[in-house]
Amino acid sequence: MITIKKASKSFDDHGALNEIDLEISSGDSIGLAGASGSGKSTLLRCIQGLEVLDSGTISCAGRTGFMFQDFQLFPHMTVGENVMYAPKRRKTPLAHLEIKANELLHHLGIAQFKDRYPASLSGGQKQRVALARTLISNPDILLCDEPTSGLDIATTGDVISLLKSIQNRKTTIVIASHDLDFLAQITHRIILLKNGTIVSDIEPRKLSNPVEYLRKLYE
């Protein structure tokens, strides 16, 4: 469960979030949509604690994992080392980490890249490594910032399949994305933000054309 009450955040004179109220149930998949500057990525970063609210509260029941838009892989570390980095710092036994990392890389179809460095990977492969690095800590809540940005149609389809497999684990997923078609395929609810406020909260499966409905609200 994520509970957001009167969440507000400003950068200089720009109100990125304006008294946002939102509840997200455990195991649900939520899309945060909106144009650039609408507040969707700011809200996601505030949930993770990467940004501090000016006022209001956000509470999360469970551990969160954050998947960055630009992956933020360490270039001097191999794929395996990137995946194991965070839990290794928390003194998790190395043997256990290696088993878990191998399982995740195999599940995500990139086990063969374990000893390669990020510079040699495609965007889609880096996306999978970033996802494995996030999942190795077994988060209850997965936060994804623009997970399909810069990816081609085929790779976007792969990301959809991967996220659907995570849904089967009953993990709560919150995705910030400008890609309405992607969100309509993967999420149970889509929250549309505009100028830091919620202007629509829909369940895409209940609408014949949720993407067209939301696009009209963009105007």
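The values are calculated or read from the model by the stated rules, or taken from the named source; none is laboratory data. Keep in mind that this is a model prediction, so the values were computed, not measured. For neighbour counting, all protein chains shown are included, and Cβ atoms are generated from backbone atoms with ideal geometry for every residue, glycine included. Side chains included, ligands, DNA and RNA excluded: accessible areas come from the protein's heavy atoms. Shrake-Rupley method; radii C 1.70, N 1.55, O 1.52, S 1.80 Å.
Given a Förster radius of 30 Å and the C-beta distance between residue 154 and residue 77 as r, what FRET efficiency does 1/(1 + (r/R0)^6) yield to the nearest 0.05? If you can, show how the numbers build up before the last one.
On the way: r = 27 Å, r/R0 = 0.91.
After rounding, the FRET efficiency stands at 0.65.
Separation between the residue 120 and residue 217 pseudo-spin-labels, each 7 Å from Cα along Cα→Cβ, expressed in nm?
4.6
Just order 34-40, 54-60 by mean Cβ neighbour count inside 10 Å, highest at the front, would you? Can you show the working numbers first?
Values: 34-40: 19.9, 54-60: 14.0.
So the order, starting with the most tightly packed, is 34-40, 54-60.
In whole percent, and with a 1.4 Å probe on the protein chains, what portion of the accessible area of the chain is carbon and sulfur?
Here carbon and sulfur together make up 48 percent of the probe-accessible area.
Can you give the extra length, in nm with one decimal, that the chain gains between residue 161 and residue 52 once fully stretched, where that is 0.36 nm per residue apart less the Cα-Cα distance?
That works out to 36.0 nm of additional length.
So if I take the alpha carbon set of the chain, get Rg, then get Rh from the Kirkwood formula, what is the Rg over Rh ratio? Don't skip to the end; give the middle numbers.
Working: Rg = 17.5 Å, Rh = 18.0 Å.
We get a ratio of 0.97 for the chain.
Mind giving me the nanometre distance, one decimal, between the label points for residue 170 and residue 19, set 7 Å out from Cα along Cα→Cβ?
3.7
Checking the table 164/194; 5/40; 100/170; 194/216; 5/194; 5/164 against a 23 Å threshold on Cα-Cα, which pairs fail? Numbers along the way, then the final one.
Values: 164/194 27 Å; 5/40 16 Å; 100/170 19 Å; 194/216 12 Å; 5/194 18 Å; 5/164 29 Å.
The pairs that break the limit, which is 23 Å between Cα atoms, are 164/194; 5/164.
Mind checking which aspartates and glutamates have their Cα closer than 18 Å to the Cα of residue 126? Skip sequence neighbours fewer than 8 apart in that chain.
Excluding near neighbours in sequence, the set is 70, 81, 103, 115, 145, 146, 152, 158.
How far is helix 79-89 tilted off the main Cα axis of the chain, in degrees rounded to 10, range 0 to 90?
That works out to roughly 80 degrees.
Tell me, what is the per residue accessible area of the range 80-219 in Å², probe radius 1.4 Å? Can you show the working numbers first?
Details: 6960 Å² over 140 residues.
On a per-residue basis, the range 80-219 sits at 50 Å².
Given a Förster distance of 35 angstrom, what is the FRET efficiency for residue 6 paired with residue 138, based on the Cβ-Cβ distance and rounded to 0.05?
Numbers: r = 31 Å, r/R0 = 0.89.
Calculated value: 0.70.
Kindly express, to the nearest 10 degrees and within the range 0 to 90, the angle between helix 94-107's C-alpha long axis and the longest C-alpha principal axis of the chain.
In the chain, helix 94-107 runs at an angle near 60 degrees to the longest axis.
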